[in-house]
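Following: one structure in C-alpha cells, then a few remarks.
The values are calculated or read from the model by the stated rules, or taken from the named source; none is laboratory data. Just so it is clear, the structure is predicted and the values come from calculations on it, not from any experiment. Cβ atoms come from the backbone with ideal geometry, glycine included; neighbour counts cover every protein chain shown.
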C-alpha cells in the first residue's frame, strides 16, 4: 500500500520518525552520559537547563515548559537529581510556591566533564549544520519546531477527547 498522504516528503517524514524513535529509546537509559554520576539523558537535559537557568531564576514550571515536558515528569527528574546531590531547591522570599532549582558545585563539575565528550560526539552534527548555512539551519529549526508543535497538538487533542469521554458511575 502506497502512503500517498506524505507525497514527495516520505523520506523526510521517515527521518523525523526515526530520529524521534531513536531518541525515545535512549533518553531514559542510565550510564551513557557521564562516568561520575549514573544519570540518563533526560536527567542531564534537565540539569543542563538548570545550569543555563542559574542567572534567569525561572521557576520549575517555566523550565519544564522550555523543555516541553510535563511538570510532574520534570518534578520527578528534579527530585532524583536532588537525591544525587546535583540540584538544590529554593523558595523565593516573595512567593513560597515559587520554587527555583539551582545546580550544586558537583553538578557544575559533572557537566564540565560531560561537555568535553559531548563536544566531540556532537561535532559531526555541528559540521553538518555549518555545511547547511544559517538560512538552511533556520529552516531546519522551523521544521523541528513545527514537528514538535504538531506532536503537542495531537497530545492535547487526545487529552481533551479523553476528558470528554469520562462517564461518572455512582458509588454504592
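Among the residues of region 24-65, which ones are in contact with a helix residue (DSSP H, G or I) (Cβ under 8 Å, 6 or more places away or on another chain), farther than 17 Å from residue 116 by Cα, assigned to a loop (DSSP other than H, G, I, E, B) and at pLDDT below 85? Matches in region 24-65: 27, 28, 29. Among the residues of region 87-105, is there at least one that is surrounded by 12 or more Cβ atoms within 10 Å (Cβ to Cβ), closer than 29 Å to residue 142 by Cα, in contact (Cβ under 8 Å) with a residue 24 or more places away in the chain and in contact with a helix residue (DSSP H, G or I) (Cβ under 6 Å, 6 or more places away or on another chain)? No, every residue in region 87-105 fails to be surrounded by 12 or more Cβ atoms within 10 Å (Cβ to Cβ), closer than 29 Å to residue 142 by Cα, in contact (Cβ under 8 Å) with a residue 24 or more places away in the chain and in contact with a helix residue (DSSP H, G or I) (Cβ under 6 Å, 6 or more places away or on another chain). The residues on offer are 140, 147, and the sole one that is in a helix (DSSP H, G or I), in contact (Cβ under 8 Å) with a residue 12 or more places away in the chain and in contact with a helix residue (DSSP H, G or I) (Cβ under 8 Å, 6 or more places away or on another chain) is 147.
When 79, 118 are checked against the criterion of being modelled with pLDDT of 95 or more and assigned to a helix (DSSP H, G or I), 79 stands alone in meeting it. Scan region 36-59 and give yes if some residue there is farther than 20 Å from residue 105 by Cβ, without any contact (Cβ under 8 Å) to a residue 60 or more places away in the chain, in contact with a strand residue (DSSP E or B) (Cβ under 7 Å, 6 or more places away or on another chain) and surrounded by 14 or more Cβ atoms within 10 Å (Cβ to Cβ), otherwise no. Yes, some residue in region 36-59 is farther than 20 Å from residue 105 by Cβ, without any contact (Cβ under 8 Å) to a residue 60 or more places away in the chain, in contact with a strand residue (DSSP E or B) (Cβ under 7 Å, 6 or more places away or on another chain) and surrounded by 14 or more Cβ atoms within 10 Å (Cβ to Cβ).
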